[in-house]
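K.L.:
If you scroll down you'll find the structure; I have some questions about it.
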4 protein chains.
Amino acid sequence: MANRKLAFTSDYMEGAHPRILEALTATNMEQTPGYGLDPFCESAKDRIRTACERREAAVYFLSGGTQTNAIVITAILKPWQGVVAAVTGHIASHEAGAIEAGGHKVLTLPEYRGKISASDLEALLRTYDEDANHDHMVMPGMVYISQPTEYGTLYSLEELRAISKICRRWQIPLYADGARLAYALASPENTVTLPDLAKLCDAFYIGGTKCGALLGEALVIPDPGLLPHFFTIIKQRGALLAKGRVLGIQFDALFTDGLYDKVGETAISYAVRLQDALEKAGIPLLFRSPTNQIFAVLEDDMKKTLDQYVETSFWEKPDASHTTVRIATSWATSQEDVEALIDLLTRFRQ
Amino acid sequence: MANRKLAFTSDYMEGAHPRILEALTATNMEQTPGYGLDPFCESAKDRIRTACERREAAVYFLSGGTQTNAIVITAILKPWQGVVAAVTGHIASHEAGAIEAGGHKVLTLPEYRGKISASDLEALLRTYDEDANHDHMVMPGMVYISQPTEYGTLYSLEELRAISKICRRWQIPLYADGARLAYALASPENTVTLPDLAKLCDAFYIGGTKCGALLGEALVIPDPGLLPHFFTIIKQRGALLAKGRVLGIQFDALFTDGLYDKVGETAISYAVRLQDALEKAGIPLLFRSPTNQIFAVLEDDMKKTLDQYVETSFWEKPDASHTTVRIATSWATSQEDVEALIDLLTRFRQ
Amino acid sequence: MANRKLAFTSDYMEGAHPRILEALTATNMEQTPGYGLDPFCESAKDRIRTACERREAAVYFLSGGTQTNAIVITAILKPWQGVVAAVTGHIASHEAGAIEAGGHKVLTLPEYRGKISASDLEALLRTYDEDANHDHMVMPGMVYISQPTEYGTLYSLEELRAISKICRRWQIPLYADGARLAYALASPENTVTLPDLAKLCDAFYIGGTKCGALLGEALVIPDPGLLPHFFTIIKQRGALLAKGRVLGIQFDALFTDGLYDKVGETAISYAVRLQDALEKAGIPLLFRSPTNQIFAVLEDDMKKTLDQYVETSFWEKPDASHTTVRIATSWATSQEDVEALIDLLTRFRQ
Amino acid sequence: MANRKLAFTSDYMEGAHPRILEALTATNMEQTPGYGLDPFCESAKDRIRTACERREAAVYFLSGGTQTNAIVITAILKPWQGVVAAVTGHIASHEAGAIEAGGHKVLTLPEYRGKISASDLEALLRTYDEDANHDHMVMPGMVYISQPTEYGTLYSLEELRAISKICRRWQIPLYADGARLAYALASPENTVTLPDLAKLCDAFYIGGTKCGALLGEALVIPDPGLLPHFFTIIKQRGALLAKGRVLGIQFDALFTDGLYDKVGETAISYAVRLQDALEKAGIPLLFRSPTNQIFAVLEDDMKKTLDQYVETSFWEKPDASHTTVRIATSWATSQEDVEALIDLLTRFRQ
């Protein structure tokens, strides 16, 4: 066993995919205008429009997920509206009140392994239609989902279509948080492509930070009319980088020669391999995850020993003697570390 | 003359100083915790505390100037307070209303080449003290200055002490925006050191984006008690990078082996050289600038010709037949380009 | 049966108690300073301080409940904090997102007939203490309760003491919404006095609008240091009346010769009488209410007939064939109307 | 001379016009729905629509000027916009930062006795059109004027038309603050009628608080499409009175039998009389005021003596030995007090 402690804590423990660093280095001394008005950003936007099969889409580069969520949601919602999300949605619980700081309520729906259901959504929207007394309440003004979800699960194309249909019937925008989108797209279980997202959502972002970039998310607005003066809003919210090219160069690299696919595939192949090993070792999974986040239910004694050799993330305590941990793979996970972890798990079970 | 068009538009036209890129590359595959809780950030904070001669200071890394200004100011001000700034202060006019979006008014003072005067400040504060009727008005709750200012000018140590003294007498924090601080510190005219800032200000930031980093500003809070729960506020405002190390590694490099000094010195030496050449060529300066932003008053005919060979920034129209342009040097300016520009200026005047 | 339709919809269907109108009329042409700096406001504050047995309390007059809640909560909370409330709390669901519009999240707890439990509160606060990972979440910064609750129920002195004790241990303010406080104070089941509220809460308001005034709520801050510059905050939030005396005169009348007690007693005596009659008529109550809001579970057929003669408020549909309605009495309810309603109920059941 | 001190401090020193109190008393025990959905509000709206010759206008009743300004402006502006106002506009300086608390900047223009000029406005708007660099600045999104202004002056119909024309050309709403509108409408110099305001403005309010009501302002939106879901916004901002009728009854009275005209006429006739007397006594006016606010420039010695007998408002110190004071008349000013003041002024000058 390696002396170095293994780390499967998250998918943002390293820097950037080497091809991104190479691109930053190769272009470093070129002179370009600031604020994202440079040719690298233009090229990256162009590649993303192509990948989404949506030439008219507006693409904006932002720095992180909470920032992107807060800015898009605040820009879309009217003062009397709130955003609908699963009770486990990232905006509902793990963004320090960013949506409320922007003046809006998060209206929560039940979650099914991180997903909302079309029928719950429709029931919610229907009450606002029927009941005259809702003038004293926050009205649903958009829907937030994440693909994959905070549990690593995926909306199927059918599920996404159902949600999208309801949103359009009720004329409220649908927004998808794709912080880990590369890991969704690379999943063998995935049925939702980038062009599907561009057709069914009114806004979504393609995650960079957790998918191989140093930082950065690419926000796609299929119909640019949704967000007038969005450049100024980005500036006002402190999210406009003077050297906007830093984001453009990275996304340009991610969408060149299939790098974004490759980033996902590596992680998924290791996640599959690890889940097989866990099952073989008799360690129960919370459920079989289709993406790069794996949830294993460990006996507390076993966890204590394991903690000496490998870092994972605490997820929850299902009962007094067990702990569910999250094991995350990424573009940066090495085969060596995966084998070392499997070796560990196998030994413990013997 | 080179075929390539010269560009002296700004100090954020290139990527990062090569030593920063090298540091990012060298550390790329090391695994660290997220959100700035990594050893690179710790090391960078340590170096900054040392440079400021203030061991107890809190240091936070943020992505850009508007973001830093908006978050610090919103975090410091109470609901009934506003921030005092020069009418030309960046927050007063060029941040798309970021302060107001955070709920606060910018209370403007007259500017003297971008600086406020201690006596104007005192007069303003005195009126709020004397006049009983100010309960219906926004009360000054902090003071914003920039060093160097938006005009490239510098507060002398004496001026800064006078402003600081007033702020302390009236018990309101003093905050200095150091977006281009490297160029202040390297100026032969400068009398204000980092330890001076740490002694006389309650908050200030050391600019990275315009001083050689890809992105990033280092906020220094000499007395950390000023900003409780600031980590959560940073998260809430969408400014917490998952890979916080990206900022830590850069500032660690900037404060290793005097890189931050070197960045400034290069720019200043070329600014001096260019101002000498302009004067020699008989082209009037708006004033002799002590830092890396130079303001030249061009006849419009001359400007038209010059525009074919070199990019500068429009500043203002002092009269119908002249235009003031800003010429900026930076850590990335090359001797070759400086000589080419001087050559151009000389020829025009012959 | 009277031709006029009976109305038991709410406790704000009429103007003001006659003694309030008389006071407004008697003082009408007296000249006073504006903005609540008049002798009527002073006198009213003095009477309220006396009634609360808290000479040092600050008292502010505001116009309505949502306004008072929004301003107090926004003034108390720090940017990283939210307010804890029952899921049925008025601020959580019926104030159109006023708290979120002020930048803060409502953190909900389970409700027990509108009340929160001390143990649920303690469990919530404990998680924020224990778990290191809460820097990404909204921290509880104060507790909101209502007395009586939205269900007309009452916190006992023991219950209030338990909640207050927890709040003080965790150093977060406790705030009580007393929109209908007169009806709590007059209830035979009530064990919480005004001095108790002043001892156990950090802020509470004595409702006027629903307790006999044209409009107005009296906010009591037992320790005035809690809300510095609150006058300016009231002005900023658009809640400062130029003729502040309009509120002062009304509260002065309400706290003269026991009017506030009398307002409650009338309503409670009729609520008792109506609940007796409902029970006698075999109409189930949702529960026996201690205050002026009564909840009766009607068969839908019966409701349809009843609706022709009397107005009530829809509360909920417990099942397919029943409807729960709210019947509210007030200071303005007449014996004649109460007898007419009892007569109706008796006839239906025959 | 009366022993009682005379008071000409403001137009909100008394309660309400007797006819308003009579209306409140006469209707007191009638039962109506809450939240402004009562027949009194309907009747008042109807009378106001008639007076404005605008049947399709939406009318909303709010409690005070700052509240009305803050809610309308926040509801109209988009996140990237600010409101244009005279530097002396009430929203710019005397509302405790209410506009900024709502997230928006006040963009100030020079004032000419409280008025803005059409040409200054056009010049401002033109810069935003021409200059590409304004994406980093707050864009003008509406224009605020007051009629009469904070100096008691009036926009002529011609001036209002010019401003309105520019607003429509640039497609930004024009909003008029009519806190003291009765005194404008009754001025012999006035050329702008209620129907003119309804034609030329996109929103304006008819002041009640300073024009004879206990409290209340009537907001008129000639084209209701301007403010969707405004009822919910009013609720969210804490401005929805449960007993909305309190405002409806008052405006119904104000717009019955010409009471609103009468309120203004009384005040104006006394203002004319007082200005004549001041001039006769050789006391300089700042300018001859067309409405109920008079500005007299007193020698400081004279002021000291006068202060013993009459209360006025401090306005400014034009030089070391003089003070400008404001003398306000209102619907409540008595002939007796006016004569007593004239008597005083005459004596002093002898």
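K.L.:
If you project the alpha carbons of segment C:152-298 onto their three principal axes, what span does each projection cover, largest first, in Å?
P.N.:
Dimensions of segment C:152-298 along the principal axes of its Cα atoms: 55, 40, 30 Å.
K.L.:
Another one. Using the Karplus equation 6.51 cos²θ - 1.76 cosθ + 1.60 (θ = phi - 60°), what ³J(HN,Hα) coupling, rounded to whole Hz, does each residue of segment C:173-187 give in order, writing x for Gly and Pro?
P.N.:
Once θ is set to phi - 60°, the couplings for segment C:173-187 become x, 10, 10, 10, 8, x, 3, 10, 4, 4, 6, 6, 4, 8, 6 Hz.
K.L.:
Output the direction-averaged projected area (hull surface divided by four) of the convex hull of the alpha-carbon atoms of segment B:139-184, in nm². Present the calculation step by step, with values, prior to reporting the outcome.
P.N.:
Working: hull surface 13.4 nm².
Answer in nm², one decimal: 3.4.
K.L.:
Another question, if that's okay. Two-decimal Rg/Rh of segment C:89-165 from alpha-carbon positions, Kirkwood Rh?
P.N.:
On the way: Rg = 13.5 Å, Rh = 13.7 Å.
Dividing the radius of gyration by the Kirkwood radius yields 0.98.
K.L.:
To continue, here is another question. If you put a point 7 Å past Cα along the Cβ direction, how far is that point for residue B:55 from the same point in each other copy, in nm, smallest first?
P.N.:
5.0, 6.6, 8.3
K.L.:
Using only Cα atoms, figure out Rg for segment B:217-350 and give it as a multiple of 2.2 N^0.38 Å.
P.N.:
Dividing the Cα radius of gyration by 2.2 N^0.38 Å gives 1.43.
K.L.:
Between residue C:204 and residues 5 or more places away or on another chain, which pairs have amide H atoms under 5 Å apart, with H built 1.01 Å from N, and which residues are they?
P.N.:
C:176, C:220
K.L.:
Given H placed 1.01 Å from N in the peptide plane, which residues other than close sequence neighbours of residue D:298 have an amide H under 5 Å from its amide H?
P.N.:
Close amide H contacts, sequence-distant or interchain: D:323, D:324, D:325.
K.L.:
Which residue is it, in chain D, that holds its beta carbon closest to the axis of the D-onto-A rotation, and how many whole angstrom away?
P.N.:
Residue of D nearest the axis onto A, distance in Å: D:103, 4.
K.L.:
Report, by chain and number, residues whose modeled amide H sits under 5 Å from the one on residue B:137, excluding near sequence neighbours (fewer than 5 apart, same chain).
P.N.:
Under 5 Å from the amide H of residue B:137: D:96.
K.L.:
While we're on this one: Averaged across the residues of C:137-147, what count of C-beta atoms belonging to other chains lies within 10 Å of each residue's C-beta? Walk me through the numbers on the way to the answer.
P.N.:
On the way: counts 8, 10, 4, 0, 0, 0, 0, 0, 0, 0, 0.
Mean shielding by partner chains, rounded to a whole number: 2.
K.L.:
OK, next. Just tell me how shielded D:65-78 is by partners: mean number of partner chain Cβ atoms within 10 Å of each residue's Cβ, no decimals.
P.N.:
If you average over the peptide's residues, the count of other-chain Cβ atoms is 3.
K.L.:
Which percent of Cα-Cα pairs in segment B:200-248 sits in each 10 Å bin, short to long?
P.N.:
23, 49, 28, 0
K.L.:
Taking beta carbons within 10 Å but only from partner chains, what does the mean come to for residues D:238-251? Write out the running numbers ahead of the final one.
P.N.:
Values: counts 18, 7, 8, 9, 12, 11, 2, 5, 8, 2, 0, 2, 0, 0.
That average works out to 6.
K.L.:
Using the alpha carbon gyration tensor of the protein assembly as shown, what are the three equivalent-ellipsoid semi-axes (square root of 5 times each eigenvalue), largest first, in whole Å?
P.N.:
In descending order the semi-axes read 54, 45, 27 Å.
K.L.:
Here's another thing I want to ask about it. Give the Rg/Rh ratio for segment D:99-214, taking Rg as the radius of gyration of the Cα atoms and Rh as the Kirkwood radius, to two decimals. Don't skip to the end; give the middle numbers.
P.N.:
Numbers: Rg = 15.0 Å, Rh = 15.1 Å.
Taking Rh as the inverse mean 1/r over Cα pairs, Rg/Rh reads 0.99.
K.L.:
Put a point 7 Å out from Cα along the line to Cβ at residue B:157; what are the distances to that point in the other copies, in nm, shortest first?
P.N.:
6.7, 7.0, 7.1
K.L.:
Oh, and also: Under 18 Å between alpha carbons: how many lysine pairs meet that in segment C:18-256, if sequence neighbours fewer than 8 apart on the same chain are excluded?
P.N.:
Numbers: C:45/C:199; C:45/C:243; C:78/C:105; C:115/C:165; C:165/C:199; C:235/C:243.
Number of lysine pairs found: 6.
K.L.:
Tell me the net charge near residue A:44. Cut-off is 11 Å between Cβ atoms, residue A:44 excluded, with +1 for each Lys or Arg and -1 for each Asp or Glu.
P.N.:
Here the count lands on 0.
K.L.:
Around residue A:179, under 10 Å between beta carbons, what's the net of Lys plus Arg minus Asp minus Glu among the other residues?
P.N.:
Working: positive: A:180, A:210; negative: A:11, A:150, A:177, A:217.
Local charge sum for residue A:179: -2.
K.L.:
Near residue B:225, within a Cβ-to-Cβ distance under 13 Å, what is the net charge of the other residues, with Lys and Arg +1 and Asp and Glu -1?
P.N.:
My count for the surroundings of residue B:225 gives -3.
K.L.:
Output, in nm with one decimal and in ascending order, the distances from the residue B:282 label point to the matching label points of the other copies (7 Å from Cα along Cα-to-Cβ).
P.N.:
Distances to the matching label points in the other copies: 6.4, 9.6, 11.3 nm.
K.L.:
Answer rounded, prolate or oblate for segment A:1-110, using the Cα gyration tensor with square roots of eigenvalues a ≥ b ≥ c: rounded when a/c is under 1.5, else prolate when a/b is larger than b/c, else oblate.
P.N.:
Oblate, since a/c reaches 1.5 and b/c is not below a/b.
K.L.:
Along segment D:82-89, what does the Karplus equation 6.51 cos²θ - 1.76 cosθ + 1.60 (θ = phi - 60°) give for ³J(HN,Hα), rounded to whole Hz, x for Gly and Pro?
P.N.:
x, 10, 8, 8, 4, 4, 9, x
K.L.:
Let me ask another. Could you calculate, for segment A:18-256, the ratio of the Cα radius of gyration to the Kirkwood radius, expressed as Rg to Rh?
P.N.:
0.97
K.L.:
While we're on this one: Counting every Cα pair in segment C:30-168, what percent are over 19 Å apart?
P.N.:
Value for segment C:30-168 (Cα pairs over 19 Å): 61 percent.
K.L.:
OK, next. From Cα pairs below 8 angstrom and at least 6 apart in sequence, can you work out the relative contact order of segment A:56-155, rounded to a whole percent?
P.N.:
On the way: 131 pairs, mean separation 32.1, N = 100.
Normalised by residue count, the contact order of segment A:56-155 is 32 percent.
K.L.:
Mind listing the phi-derived Karplus ³J(HN,Hα) values for segment B:53-63, rounded to whole Hz, using 6.51, -1.76 and 1.60 with θ = phi - 60°, and x for any glycine or proline?
P.N.:
So the J values, rounded to whole Hz, are 6, 8, 5, 8, 4, 8, 10, 10, 9, 10, 8.
Coordinate-derived values only; no laboratory data. Everything numeric in this text was worked out from a predicted model, so none of it was measured. Positions of Cβ are backbone-derived with ideal geometry, glycine not excepted, and every protein chain shown enters the neighbour counts.
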